[in-house]
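> Shown below is the structure under consideration.
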Amino acid sequence: MNSLSQYIVTLTRLYGAVHKDVVAEIYNEQQDEQITSQEVEDFFDASVQEIEKHFAYKEGNYFVHETILVYDDLDETLSKQAGKPRYIPDKNELMKYMDEFYFYKSEAYKKLYDHVLKYHVDGNEERAEAACEDAEGMIEVNASFGTVMSTLDNMGVEFNSKQQRDKVKRLVRKLQDNVRLWTNKGHTNQELKDLGYSTAGNASAGNQVLTKKLGRNDPCHCGSGKKYKKCCLDKDQKMNAR
């Protein structure tokens, strides 16, 4: 896959929806070669099959992740992004998004993982990672706080007391402020707060927008080896509707 294809895919994964002009702008900032937005669009049309394998599609002047299109959520996503500054990582960080399961592991994520590993899954690293990654994924798509906690319950995180559960709740609240969100143009809620912007309508407000950020044809997050649409998609949608 050539460099322009990689930029279309990674920027779509980081922002959920990205205008062709933005793709050209960021590409030109990070590459010696200079291109126009029309060249970006023409390139996509010539490479459509290769790029769509990575769940990036063209909708008007935007490149859009499949998850948004499945839930007919492009207008709402763009509305929530309006007026917010864009997070632009350096090239090395951006290219990490070529791994479809990559996400930014903040200090808040690491603290939740360490706590769950030590106190709630008997030191089982695989269980701790699965639970925390699912919680992160639900926050990425603006699932409510209750849904995120239900995700931990469903992943086998055990609480022996109200105090234990309250501690994890505080860690999850902190995580909600430190996840890169499509509706924030890649910023976390905390980063926007530090910049003086409102985060109303994002994860900390408890809005539910989409289910787990997996393509319908991705391997299911439960590890069954089946496609997501053939395995846990219906269950995740029902959980997210609570």
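The values are calculated or read from the model by the stated rules, or taken from the named source; none is laboratory data. The shown structure was predicted, so the numbers you read here are calculated from the model rather than taken from an experiment. As a convention, Cβ positions derive from the backbone with ideal geometry for all residues, glycine included, and neighbour counts pool all protein chains shown. SASA here: full protein model, heavy atoms, side chains in, ligands and nucleic acids out. Shrake-Rupley method; radii C 1.70, N 1.55, O 1.52, S 1.80 Å.
> Report the residue count in region 137-177 for those that are open to solvent by less than 50 Å² (accessible area, probe 1.4 Å), assigned to a loop (DSSP other than H, G, I, E, B) and either at positive phi or out of contact with any helix residue (DSSP H, G or I) (no Cβ under 7 Å at 6 or more places or on another chain) (or both).
Number satisfying all stated conditions: 5.
> Determine which single condition Asp134 fails, assuming it passes every other condition in (1) open to solvent by less than 80 Å² (accessible area, probe 1.4 Å); (2) in contact with a Leu (Cβ under 9 Å, 6 or more places away or on another chain); (3) over 18 Å from Arg13 (Cα atoms).
(3)
> If you go through region 57-67 one residue at a time, how many are under 21 Å from the mean Cα position of the chain (by Cα) and open to solvent by 20 Å² or more (accessible area, probe 1.4 Å)?
Counting residues in region 57-67 that are under 21 Å from the mean Cα position of the chain (by Cα) and open to solvent by 20 Å² or more (accessible area, probe 1.4 Å) gives 5.
> Checking the conditions here, which among Ala82, Ala56, Ala17, Ala24 is aliphatic (A, V, I, L, M) and without any contact (Cβ under 8 Å) to a residue 12 or more places away in the chain?
Values: Ala56 fails: without any contact (Cβ under 8 Å) to a residue 12 or more places away in the chain; Ala17 fails: without any contact (Cβ under 8 Å) to a residue 12 or more places away in the chain; Ala24 fails: without any contact (Cβ under 8 Å) to a residue 12 or more places away in the chain.
Result: Ala82 is the single residue among Ala82, Ala56, Ala17, Ala24 that is aliphatic (A, V, I, L, M) and without any contact (Cβ under 8 Å) to a residue 12 or more places away in the chain.
> Could you give me the residue pairs with C-beta distances under 7 Å whose first residue belongs to region 101-121 and is of a type in the set (A, V, I, L, M, F, W, C), whose second residue is part of a helix (DSSP H, G or I) and open to solvent by 90 Å² or more (accessible area, probe 1.4 Å) wherever it lies, and which are 6+ apart or on separate chains?
Ala108/Lys174; Leu117/Glu125
> Kindly check whether there is at least one residue in region 33-43 that is in contact with an Asp or Glu (Cβ under 9 Å, 6 or more places away or on another chain) and open to solvent by less than 10 Å² (accessible area, probe 1.4 Å).
Yes, because at least one residue in region 33-43 is in contact with an Asp or Glu (Cβ under 9 Å, 6 or more places away or on another chain) and open to solvent by less than 10 Å² (accessible area, probe 1.4 Å).
> Are any residues in region 89-105 more than 14 Å from the chain's Cα centre (by Cα) and open to solvent by less than 70 Å² (accessible area, probe 1.4 Å), and if so, which ones?
If the condition is that a residue be more than 14 Å from the chain's Cα centre (by Cα) and open to solvent by less than 70 Å² (accessible area, probe 1.4 Å), then Pro89, Glu93, Met95 are the ones that fit.
> Taking Asp21 as the residue in question, decide whether it is surrounded by fewer than 19 Cβ atoms within 10 Å (Cβ to Cβ) and either on the phi > 0 side of the Ramachandran plot or in contact with a Ser or Thr (Cβ under 6 Å, 6 or more places away or on another chain) (or both).
Taking the combined requirement at face value, the residue satisfies it.
> For region 194-218: of the residues being at pLDDT below 95 and in a helix (DSSP H, G or I), which is nearest to Ala17 (Cα to Cα)?
Top of the filtered list is Ala203.
> Filter region 1-56 down to residues that are over 18 Å from the mean Cα position of the chain (by Cα), within 18 Å of Leu94 (Cα to Cα) and part of a helix (DSSP H, G or I), then give me how many there are.
Number satisfying all stated conditions: 16.
> So, one more: Would you pick out the residues in region 77-122 that are assigned to a helix (DSSP H, G or I) and closer than 19 Å to Leu192 by Cα? Don't jump to the end; show me each part of the working.
Taking region 77-122 first, the residues assigned to a helix (DSSP H, G or I) are 77-81, 91-98, 107-119.
Within region 77-122, Thr77, Leu78, Ser79, Lys80, Gln81, Glu107, Ala108, Tyr109 meet the criteria.
> Taking the residues in region 44-53 that are in contact (Cβ under 8 Å) with a residue 24 or more places away in the chain and either touching a Gly at 6+ places or on another chain (Cβ under 9 Å) or surrounded by fewer than 20 Cβ atoms within 10 Å (Cβ to Cβ) (or both) as candidates, determine which candidate is nearest to Phe103 (Cα to Cα). Let's see the steps before the verdict.
Residues of region 44-53 that are in contact (Cβ under 8 Å) with a residue 24 or more places away in the chain, as a first pass: 44, 47, 50-51.
Applying the additional criterion that residues be either touching a Gly at 6+ places or on another chain (Cβ under 9 Å) or surrounded by fewer than 20 Cβ atoms within 10 Å (Cβ to Cβ) (or both) yields 47, 50.
Numbers: Ser47: 26, Glu50: 23 Å.
Result: Glu50.
> Separate question: Being without any contact (Cβ under 8 Å) to a residue 24 or more places away in the chain and either in contact with a strand residue (DSSP E or B) (Cβ under 7 Å, 6 or more places away or on another chain) or surrounded by fewer than 20 Cβ atoms within 10 Å (Cβ to Cβ) (or both) is the filter here, so list the residues in region 122-131 that pass it.
Answer for region 122-131, where residues must be without any contact (Cβ under 8 Å) to a residue 24 or more places away in the chain and either in contact with a strand residue (DSSP E or B) (Cβ under 7 Å, 6 or more places away or on another chain) or surrounded by fewer than 20 Cβ atoms within 10 Å (Cβ to Cβ) (or both): Asp122, Gly123, Asn124, Glu125, Glu126, Glu129.
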